[in-house]
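Remarks on the structure that follows.
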Amino acid sequence: MKKIYLAFIAVVICSFCVVPTQAQRTAVNSGKTFPKKSAGTNSFTPGTSDCDTINNPIPVGWNLVNYGVSGNGGNLVGVNKYGDKEKAMYFDLSATSYAYISGASFYFAYANSNKSANLTKTVSFKVYADGAGGPGTQLGTSVSIPLSQIKVDVDAGNTTDITFPAVIALPASKKFYVSVDVSNFMWSTAGTGTKDSISVVSNTDNDAPPGNAWEKWSDDSWNDFPSSWGIDISLVIQPYVSTSASGCSALPVKLLSFNAERKNSDVTLSWKISGELNMKQYEIQRADNNGNFKTVATLNALNSLKDQSYAVTDRNVFNLSPTVQYRLKQVDGDGTTTYSRTITVKSNAAITDISFANPFSGALKLQLNLATAQQVAVNVYDMQGKLVATEKPKTYNASANTIILNSTGNLKSGLYVLKINAGTEQAVYKVVKN
């Protein structure tokens, strides 16, 4: 009986020796303030009735700061010495008609590492349903981007804008969480240890409206910030929501450019996309001057709201034919396909591609691609052969060049002949001025 009593006393004493983890946590306001940026400083601009961005503009009552962790402990809303895995923001849209989320804008305070190799590691972004007062089941598919991409955004003073591979339906309650997963990274309190400095901007403690920040600890439990840190804050995470599964109609996918550049026996195809959303992939298709196109390269879409540039090189393409044709096939998430214009590339041609509006208004603007640097002269003649506009000979670089014939702005409406001379090569077109 005596042994049992002593064991009981020992348990009671030890229970007072253990300090709860959350009681050990102390947040420190870094004192650095941040401007109130609009969501999607890279490209996104909401503006249709079926699409909106939550907390955009940032509420008037929020004062934006970055909290750290005491004792050289890293970042409160990011990577820290406790090994927190995720930081999330709670949203309740039950009073709205919005039922889908297509992406979000994240305002990062810091994105760097003292180990340069860690910049290639990825940060994941997720959506969770409400699980009776905390993040529950994950919804849809997460999206991941390298830390280096976020660093570029932070250095440029931009938000980081992401879109999910497919539009995500909100739960019936319309209560959900958007999280930043930083479990790939670590923070060491040792002077020479790894310090992955990743942090989301937040407002200050007790700003209005009340905060809704949550975090996932190293033991996979979810905890709200008042319980964890004794502060009530919100994170600057701004979801893109819509009333329909088609997402935000304010975000059409637009092909800004598609170019081909010959380098000896290889051809490099490059293209630029604006408002990329719910895209699956891009296919480069080639025809050996016979009109029968076959896919020669496939690239997965990055699905970013920023303008995105892609490039792929088709090697030794002139082995079967001295002339080849290329087009870009865009494959949407729902299987819809669209095609770009066709570009013809010749093995011995100085000019690899010419594009312009026809008919044109104002001044005629040319997009000229050259295989190698060439001296180029551009002239416009009327139908009687009289020279009416000219661009003096000038040496242009290989790849894409823009030439604007300002003197064509004064031409009357009608039919003209455009002649482009590049080295010993000449291209002739009939053009119409509106």
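Observations, loosely collected:
- Where strands (runs of 3 or more DSSP E) fall entirely within the stretch 72-185, those with at least 2 residues that are of a type outside the set (Lys, Arg) and touching a Pro at 6+ places or on another chain (Cβ under 8 Å) are at 86-92, 100-106, 122-130, 135-146, 175-181.
- Apart from one condition, residue 264 fits all of (1) out of contact with any strand residue (DSSP E or B) (no Cβ under 8 Å at 6 or more places or on another chain); (2) under 30 Å from residue 370 (Cα atoms); (3) surrounded by 15 or more Cβ atoms within 10 Å (Cβ to Cβ); the exception is (3).
- Residues of the stretch 403-426 satisfying the condition of being over 10 Å from residue 388 (Cα atoms) and of a type outside the set (A, V, I, L, M, F, W, C): 406, 409, 412, 413, 414, 419, 421, 423, 424, 425, 426
- The listed residues are 173, 188, 142, and the only one of them that is more than 20 Å from residue 99 (Cα to Cα) and out of contact with any Cys (no Cβ under 9 Å at 6 or more places or on another chain) turns out to be 188.
- Filter result (over 28 Å from the mean Cα position of the chain (by Cα), in a loop (DSSP other than H, G, I, E, B) and under 26 Å from residue 34 (Cβ atoms)) within the stretch 218-248: 230, 231, 232
- Criterion: closer than 19 Å to residue 371 by Cα, open to solvent by 50 Å² or more (accessible area, probe 1.4 Å), at pLDDT 85 or above and of a type in the set (Ser, Thr, Tyr) - qualifying residue of 313, 342, 295: 313
- Checking every residue in the stretch 86-109 against the condition of being among the charged types (D, E, K, R), closer than 28 Å to residue 30 by Cβ and at pLDDT 95 or above gives at least one match.
- Sole residue being more than 34 Å from the chain's Cα centre (by Cα) and either more than 30 Å from residue 271 (Cβ to Cβ) or modelled with pLDDT under 85 (or both), chosen from 371, 349, 377: 349
- Against the test of being open to solvent by less than 20 Å² (accessible area, probe 1.4 Å), under 25 Å from residue 69 (Cβ atoms) and touching a residue at least 40 places away in the same chain (Cβ under 8 Å), the options 164, 176, 125 yield a single qualifying residue, 125.
- Failed criterion for residue 276 (all others in (1) in contact (Cβ under 8 Å) with a residue 24 or more places away in the chain; (2) part of a loop (DSSP other than H, G, I, E, B); (3) loosely packed, with under 15 Cβ neighbours inside 10 Å hold): (3)
- Residues that are under 17 Å from the mean Cα position of the chain (by Cα) and part of a loop (DSSP other than H, G, I, E, B) within the stretch 286-334 comprise 301, 302, 303, 305, 306, 307, 333, listed in sequence order.
- Residues that are within 19 Å of residue 66 (Cα to Cα) and out of contact with any helix residue (DSSP H, G or I) (no Cβ under 7 Å at 6 or more places or on another chain), drawn from the stretch 128-157: 150, 152, 153, 154, 155, 156, 157
- Check on residue 274, touching an Asp or Glu at 6+ places or on another chain (Cβ under 6 Å) and of a type outside the set (A, V, I, L, M): yes
The values are calculated or read from the model by the stated rules, or taken from the named source; none is laboratory data. Model, not experiment: these values are computed from the prediction. Backbone-built Cβ (ideal geometry, glycine too); neighbour counts: all protein chains shown. These area figures cover heavy atoms from the full protein model, side chains too; ligands, DNA and RNA do not enter into them. Shrake-Rupley method; radii C 1.70, N 1.55, O 1.52, S 1.80 Å.
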